Amino acid sequence: MSHYTVIFSIVSLFLLILLSAFFSAAETALIASNRYRLRHRARLKKKSAILILKLLNRPDRVLGMILIGNCFSNVFASAVMTLLALHFFGGHAVLISSLLLTFFILIFSEVAPKTVAALYPENLSRWVAWPVYILLNLFYPLVWLINTISNGLLRLAGVKVGLLVSEPISREELRSIVYESTGKMARQYQQMLLAILDLNKITVDDVMIPRHDIAGIDLAEDWNTVQQKIMMSQHDWLPIYRDNINKVIGILHLRDITKATLIQSFNQDVLVKMLSEPYFVPEGTPLNIQLTHFQQQRKRIALVVDEYGDILGLLTLKDILEEIVGEFTSSVNLDTKMIHRRSDGSYLADGMVTIRELNRVTQWHLPVNGPKTLSGLIIEYLEVIPRAGTCVKIAGYPIEIMRVEENRVKTARIFLRN
């Protein structure tokens with residue numbers, strides 16, 4: 001070999017190793033690219049993302065082109081290395097040179113470029129997509145021939161090869177994606193997305209206003225009393241019934257009261273005419289389904305009933321939305337109403353506060369799978385109506401019963417978990 005031939009061979013060997021490194025990096029970068037991020041960028045008309053998605057729609061062709069280039073580079077590099085070994089050291093150095101080339105290819109053409117591509121797939125795929133696309137078009141007949149043979153063998157083995165169809169993402173997979181976005185999006189938005197994903201795990205029973213807490217109007221009462229209750233009400237909607245809540249007549253929207261009093265004298269007959277038909281939903285309905293029903297029925301309030309048709313509670317659209325975005329009322333008002341924090345860190349809670357609400361305010365983890373209220377949780381755990389002064393520990397939280405009224409816990413004091 002002449003002096004120029006030797007230099008040309010050394011330069012060729014170096015370039016072939018670089019070419020092999022390019023194909024190795026291209027393979028890992030394209031395959032490891034985030035499909036969802038690419039689709040987002042493609043909707044923004046980013047040419048690189050559109051091209052990468054186009055390549056990945058037929059991964060067999062892309063891999064075929066990359067592997068052809070990789071094999072070509074490695075085989076020719078081996079041939080050039082063998083010629084150089086024969087020229088400088090004779091036939092005895094061929095084995096050593098082959099082992100040395102294998103080491104160089106393994107480090108510089110496989111491990112190093114694939115590691116970089118795995119760490120930065122999106123950035124690297126933008127640079128390799130166009131060269132791969134051009135090479136794929138240039139050598140398409142060869143790629144087609146190789147893919148036809150390999151796909152035929154795969155079909156014999158029962159593997160169908162064609163356009164890549166993206167599988168639908170499951171709820172739990174989407175949850176993992178949202179969790180992984182910590183630090184990349186505001187925590188408030190992350191919590192809202194997670195709350196939306198959890199709506200199917202929460203039923204109307206979990207967020208409804210219990211029956212005994214429903215603020216309604218009994219038309220069997222004196223009309224002056226009825227009027228006073230309407231005017232003093234702090235709610236937007238009021239169930240109207242006779243004798244008991246199971247005999248509900250309709251739902252009154254307090255906004256209509258002003259209109260009625262301005263147009264004509266307000267009496268019981270006018271009130272009944274203003275009522276909208278009550279909307280009933282069965283207990284156990286998941287919140288995501290009920291939210292859809294509210295939207296379809298154009299309703300904002302529903303009465304939750306059991307299998308016998310007895311009313312268990314009242315649910316509003318606001319209750320569902322608060323599960324997603326949090327409380328609309330301030331934490332101060334909530335704290336003074338049903339949950340009051342004491343100076344020693346313990347909480348004084350109304351027995352009718354829901355476990356979910358208590359957990360939300362205190363960031364605790366009291367069990368929510370059973371009873372819905374604190375009173376129900378304590379009574380179920382003790383299996384008896386407790387007396388004032390009784391202490392119990394539930395899920396690691398010491399609880400002292402302060403008051404018991406009407407066979408239920410009226411007030412309880414909850415201490416921090418030991």
>> Can you pull out every residue in segment 374-414 that is surrounded by 12 or more Cβ atoms within 10 Å (Cβ to Cβ) and among the acidic types (Asp, Glu)?
In response: Glu380, Glu400
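Taking segment 377-392 on its own, how many of its residues are touching a residue at least 12 places away in the same chain (Cβ under 8 Å) and of a type outside the set (A, V, I, L, M, F, W, C)? Steps first, answer last, please.
Initially, segment 377-392 is screened for residues touching a residue at least 12 places away in the same chain (Cβ under 8 Å), giving 377-379, 381, 385-389, 392.
When the remaining residues are screened for being of a type outside the set (A, V, I, L, M, F, W, C), the result is 381, 386-387, 389.
Summing the residues that are touching a residue at least 12 places away in the same chain (Cβ under 8 Å) and of a type outside the set (A, V, I, L, M, F, W, C) in segment 377-392 gives 4.
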>> Going by what's in this entry, would Ile394 be described as of a type in the set (A, V, I, L, M, F, W, C) and modelled with pLDDT of 90 or more?
In response: yes
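May I ask you to say which residue of Leu63, Leu53, Leu19 is surrounded by 14 or more Cβ atoms within 10 Å (Cβ to Cβ), part of a helix (DSSP H, G or I) and touching a Gly at 6+ places or on another chain (Cβ under 9 Å)?
On the way: Leu63 fails: touching a Gly at 6+ places or on another chain (Cβ under 9 Å); Leu53 fails: touching a Gly at 6+ places or on another chain (Cβ under 9 Å).
When all the criteria are applied, what remains is Leu19.
The values are calculated or read from the model by the stated rules, or taken from the named source; none is laboratory data. All values reported here derive from a predicted model rather than from experimental measurement. With ideal geometry, Cβ positions are generated from the backbone for all residues, glycine too; neighbour counts draw on all protein chains shown.
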